[in-house]
Amino acid sequence: MTSFGERIRAATATHGQLCVGIDPHAHLLAEWGMDASAAGAREFGLRVVEAAAGRVGVVKPQVSFFECYGSAGFAALETVMAAARAAGLLVIADAKRGDIGTTMDAYAQAWLTPGSPLEADALTVNPFLGTGALEGTFELAERAAKGVFVLAATSNPDALTVQRAQLTSGETVSNAIVREVSARNARVTPEGQWASLGVVVGATVDWTDAGLRAFSPVAPILGPGFGHQGAEPHDLRARFGDLAVAVIASESRSILTAGPDRLAARISERALLYRGD
């Protein structure tokens with residue numbers, strides 16, 4: 001069974017580093033001529049999947065925009081994610097789950113268990129109850145060849161107080177998270193392969209300001225903030241240095257505002273900018 005790290009590595013080598021967000025905001029649904037409902041979110045998501053298939057390797061549904069419609073919204077999300085995976089796309093469920101003990105384990109089972117209704121290829125998680133609380137999630141991901149993206153350094157100003165705080169060792173909370181994830185990766189990742197436990201680092205984050213340092217083995221970095229939020233493909237090397245090759249560059253609004261008729265063309269245009277050839 002091929003690990004998630006190696007699957008994401010292959011996907012980016014084939015299609016480039018662009019990840020298309022599936023974010024059915026109410027205003028986007030209206031612009032697309034769809035109702036702000038579970039049915040609208042389902043149709044929106046399926047159109048994004050159809051346009052993305054073959055043009056990029058990764059999509060990232062934002063769970064909240066489906067969850068807001070209750071059980072019908074979750075049913076819509078299940079349909080969209082299943083369609084994406086059937087189309088050969090890797091699916092990162094952007095759910096940012098975080099808890100302790102069996103509660104966190106249950107979240108992991110919901111999103112990372114093969115055959116579960118909400119099965120994704122990877123899940124975003126919140127480590128601010130301690131990375132140790134995620135150990136069960138990491139173990140399940142490893143057994144199922146799934147991925148996990150651990151929030152480390154986000155670009156929203158409200159996060160700075162916690163994420164840039166310095167521990168008694170002198171390192172920032174953000175770097176401690178990256179270090180702990182990297183240390184676990186080093187124990188289980190075969191030499192020469194990409195690790196399957198990744199981190200989330202905003203594309204507009206200043207690594208020096210955040211106290212971040214390079215890490216090994218190579219692991220995928222989910223980089224929100226490209227496109228509408230200001231970062232561009234030519235910024236990859238400047239912002240991520242030698243780790244730029246492992247960045248999954250997430251764009252949502254910059255692509256989705258093209259509308260359903262221009263969506264495939266916009267994805268092709270943006271994807272080309274993230275290809276190395």
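At-a-glance table
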item: Qualifying residue in region 215-230 (condition: more than 23 Å from Pro24 (Cα to Cα), in contact with a Gly (Cβ under 8 Å, 6 or more places away or on another chain), among the small types (Gly, Ala, Ser) and modelled with pLDDT of 95 or more); result: yes
item: Residue count, region 7-34 (criterion: over 19 Å from Leu77 (Cα atoms) and surrounded by 17 or more Cβ atoms within 10 Å (Cβ to Cβ)); result: 9
item: Subset of region 61-79 [in a helix (DSSP H, G or I) and either of a type in the set (Phe, Trp, Tyr) or crowded, with 23+ Cβ neighbours inside 10 Å (or both)]; result: Phe65, Phe66, Phe74, Ala76, Leu77
item: Strands (runs of 3 or more DSSP E) (entirely within region 143-251) containing at least 2 residues that are touching a Cys at 6+ places or on another chain (Cβ under 6 Å); result: 247-251
item: Per-region count, region 256-271, residues touching a residue at least 40 places away in the same chain (Cβ under 8 Å) and in a helix (DSSP H, G or I); result: 9
item: The lone exception for Ile92 - which of (1) under 15 Å from Ala120 (Cβ atoms); (2) crowded, with 24+ Cβ neighbours inside 10 Å; (3) out of contact with any Ser or Thr (no Cβ under 8 Å at 6 or more places or on another chain); (4) β-branched (Val, Ile, Thr) it fails; result: (3)
item: Qualifying position, being under 17 Å from the mean Cα position of the chain (by Cα), without any contact (Cβ under 8 Å) to a residue 60 or more places away in the chain and over 19 Å from Thr172 (Cβ atoms), among His234, His228; result: His228
item: Hey, Ala246 over 30 Å from Glu43 (Cβ atoms), buried (at least 16 other Cβ atoms within 10 Å of the Cβ), in contact with a Pro (Cβ under 6 Å, 6 or more places away or on another chain) and not β-branched (Val, Ile, Thr) or not; result: yes
item: Any hit, region 33-53, residues being modelled with pLDDT of 95 or more, touching a Leu at 6+ places or on another chain (Cβ under 7 Å) and in a strand (DSSP E or B); result: yes
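The values are calculated or read from the model by the stated rules, or taken from the named source; none is laboratory data. Keep in mind it's a predicted model, so treat the numbers as computed, not measured. Here the Cβ is made from the backbone with ideal geometry for all residues, glycine too, and neighbour counts use every protein chain on show.
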